[in-house]
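Structure record follows, encoded as structure tokens.
The values are calculated or read from the model by the stated rules, or taken from the named source; none is laboratory data. What you see is a predicted model, and the numbers here were worked out from it, not measured in a lab. Cβ sites come from the backbone with ideal geometry, for glycine too, and all protein chains shown count toward neighbours.
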Ligand SMILES: Cc1cc2nc3c(=O)[nH]c(=O)nc-3n(C[C@H](O)[C@H](O)[C@H](O)COP(=O)(O)O)c2cc1C
């Protein structure tokens with residue numbers, strides 16, 4: 001083992017996640033590649049995409065966000081997880097990830113006010129805690145509908161049903177999407193939640209939806225099924241939900257969750273001038289992950305431009321971080337883990353464009369400019385090079 005490998009070794013230590021074990025400390029962080037068909041069913045391209053990442057050596061594959069209900073669906077190529085009809089494709093997907101030795105986790109989401117299609121949003125607005133106008137896209141202000149008490153109950157049931165289906169499909173767990181500005185984080189934020197009933201008001205009431213979603217999900221699955229949480233660590237907006245709120249919520253939820261990925265910013269925050277290019281800044285959401293990790297006894301996964309493998313290993317050894325989430329690095333090169341463990345870090349194909357091509361191609365299925373040219377033509381990076 002070379003000296004360099006020695007310093008990266010902790011990335012490859014096994015990790016207990018709930019009652020299951022990951023072979024190493026590397027997670028595929030959720031990334032909406034949008035390879036599902038237009039009705040939200042899993043496709044062969046999608047199965048190959050995730051299977052290839054598992055084959056490359058990552059320990060945990062967290063999928064892109066799957067919509068828990070029609071009202072919670074955002075993107076044209078998004079995967080659905082609300083009916084038995086979705087089970088055959090989801091089962092093939094989970095089996096393919098697990099065949100290559102990774103844990104398979106489905107991220108589940110209700111998009112709330114960001115529900116699509118956006119083309120005729122004004123005619124079919126999304127649901128939100130309060131009917132507050134917001135910038136759906138730069139220069140386009142729209143107004144969502146205030147979600148009713150009955151629709152809140154439906155959304156909670158939809159999360160639980162999605163978790164039940166994920167377990168039936170053979171996934172090792174789910175990750176509840178409580179970040180990025182989707183419905184759960186819309187309830188958490190004092191900017192988007194101005195309700196006067198039990199779902200709004202002080203921080204304890206605004207976090208009630210999060211707590212009830214978690215309780216419903218937990219009761220829909222067995223104890224050995226992993227439940228993770230994608231947590232908004234800071235809304236990055238004036239007067240918004242901040243790191244101290246996130247720390248309090250993390251402490252409150254930790255008894256019910258098996259791992260946590262803290263991430264900063266919402267779609268609205270990303271539109272602010274000061275946040276332009278945020279995702280390309282080094283370690284842009286690391287500090288909040290470290291602060292949250294110091295408070296918790298469950299694995300906390302750090303994500304977002306974390307530098308070299310040696311830098312990542314140092315976070316595990318010195319900062320209380322349990323694992324590293326890689327989204328764009330594994331889209332660009334699924335063999336990232338394999339190349340690092342073999343001392344070939346210099347051979348990794350790196351994400352190198354700005355603004356990222358993956359973000360620009362989401363509506364038609366994500367592409368990456370770092371893929372080898374033969375793979376570019378096929379539109380997804382599966383097993384073509386095997
Ligand atoms: C094209 C694209 C799609 C994404 N989709 C999701 C998603 O479905 N769910 C999620 O929680 N985060 C999503 N993210 C955020 C990533 O998980 C990750 O936080 C971000 O890319 C920074 O990490 P990285 O530097 O490893 O790419 C997405 C990011 C990109 C670029």
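Give segment 341-386 a look and list any residue that's under 30 Å from residue 118 (Cα atoms) and not in a loop (DSSP other than H, G, I, E, B), or say none.
Correct list: 357, 358, 359, 360, 362, 363, 364, 376, 377, 378.
Condition check: more than 19 Å from residue 300 (Cβ to Cβ), modelled with pLDDT of 95 or more and within 16 Å of the ligand (Cβ to nearest atom). Does residue 266 satisfy that? Spell out how you get there, then give the answer.
Working: more than 19 Å from residue 300 (Cβ to Cβ): yes; modelled with pLDDT of 95 or more: yes; within 16 Å of the ligand (Cβ to nearest atom): yes.
Answer is yes for this residue.
Listed here are the residues, each with its yes/no results for (1) within 12 Å of the ligand (Cβ to nearest atom); (2) modelled with pLDDT under 95; (3) touching a helix residue (DSSP H, G or I) at 6+ places or on another chain (Cβ under 7 Å).
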{"site": "331", "(1), (2), (3)": "yes, no, yes"}
{"site": "353", "(1), (2), (3)": "yes, yes, no"}
{"site": "356", "(1), (2), (3)": "yes, yes, yes"}
{"site": "362", "(1), (2), (3)": "yes, yes, no"}
{"site": "365", "(1), (2), (3)": "yes, no, no"}
{"site": "368", "(1), (2), (3)": "yes, no, yes"}
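Which of the residues belonging to segment 175-201 are within 14 Å of residue 242 (Cα to Cα) and either away from the ligand (no atom under 16 Å from the Cβ) or at pLDDT below 95 (or both)?
187, 189, 190, 191, 192
From the list 76, 88, pick out the single residue that is more than 13 Å from the ligand (Cβ to nearest atom), part of a loop (DSSP other than H, G, I, E, B) and either surrounded by fewer than 24 Cβ atoms within 10 Å (Cβ to Cβ) or under 19 Å from the mean Cα position of the chain (by Cα) (or both).
Result of the check over 76, 88: 76.
Which of the residues spanning segment 270-281 are in contact with a helix residue (DSSP H, G or I) (Cβ under 9 Å, 6 or more places away or on another chain) and either within 13 Å of the ligand (Cβ to nearest atom) or at pLDDT 95 or above (or both)?
270, 278, 279 - these are the residues of segment 270-281 that are in contact with a helix residue (DSSP H, G or I) (Cβ under 9 Å, 6 or more places away or on another chain) and either within 13 Å of the ligand (Cβ to nearest atom) or at pLDDT 95 or above (or both).
Filtering segment 306-315 down to residues that are crowded, with 20+ Cβ neighbours inside 10 Å and more than 16 Å from residue 285 (Cβ to Cβ), which residue is nearest to the ligand (Cβ to nearest atom)?
Checking each candidate, the answer is 309.
Based on this model, can you work out whether residue 120 counts as assigned to a helix (DSSP H, G or I) and out of contact with any helix residue (DSSP H, G or I) (no Cβ under 7 Å at 6 or more places or on another chain)?
Considered against the rule, which asks whether it is assigned to a helix (DSSP H, G or I) and out of contact with any helix residue (DSSP H, G or I) (no Cβ under 7 Å at 6 or more places or on another chain), residue 120 comes out as no.
Looking only at segment 98-134, how many residues end up being buried (at least 19 other Cβ atoms within 10 Å of the Cβ) and within 16 Å of the ligand (Cβ to nearest atom)?
We begin by selecting, within segment 98-134, every residue buried (at least 19 other Cβ atoms within 10 Å of the Cβ); these are 102-115, 121, 126-130, 134.
With the extra rule that they be within 16 Å of the ligand (Cβ to nearest atom), the set shrinks to 104-112, 114-115.
Looking only at that region, the number is 11.
So which of 260, 253, 295 ends up being more than 16 Å from the ligand (Cβ to nearest atom), touching a residue at least 12 places away in the same chain (Cβ under 8 Å) and surrounded by 18 or more Cβ atoms within 10 Å (Cβ to Cβ)?
Of the residues listed, the single one that is more than 16 Å from the ligand (Cβ to nearest atom), touching a residue at least 12 places away in the same chain (Cβ under 8 Å) and surrounded by 18 or more Cβ atoms within 10 Å (Cβ to Cβ) is 253.
Does residue 40 satisfy being within 16 Å of the ligand (Cβ to nearest atom), surrounded by fewer than 24 Cβ atoms within 10 Å (Cβ to Cβ) and either without any contact (Cβ under 8 Å) to a residue 24 or more places away in the chain or over 26 Å from residue 351 (Cβ atoms) (or both)?
yes
So which residues in segment 138-158 are in contact (Cβ under 8 Å) with a residue 40 or more places away in the chain and either surrounded by fewer than 11 Cβ atoms within 10 Å (Cβ to Cβ) or under 13 Å from residue 118 (Cβ atoms) (or both), if there are any at all?
Once the filter is applied, which keeps residues that are in contact (Cβ under 8 Å) with a residue 40 or more places away in the chain and either surrounded by fewer than 11 Cβ atoms within 10 Å (Cβ to Cβ) or under 13 Å from residue 118 (Cβ atoms) (or both), segment 138-158 yields 138, 149.
Being surrounded by 15 or more Cβ atoms within 10 Å (Cβ to Cβ) and on the phi > 0 side of the Ramachandran plot is the requirement here; does residue 201 meet it?
Yes: the conditions hold for residue 201.
Looking only at segment 10-37, which residues are outside any loop (DSSP other than H, G, I, E, B) and either on the phi > 0 side of the Ramachandran plot or within 12 Å of the ligand (Cβ to nearest atom) (or both)?
Within segment 10-37, 26, 27, 28 meet the criteria.
Can you tell me which residue is surrounded by the most Cβ atoms within 10 Å (Cβ to Cβ) among those in segment 317-329 that are away from the ligand (no atom under 16 Å from the Cβ) and assigned to a helix (DSSP H, G or I)?
It comes out as 317.
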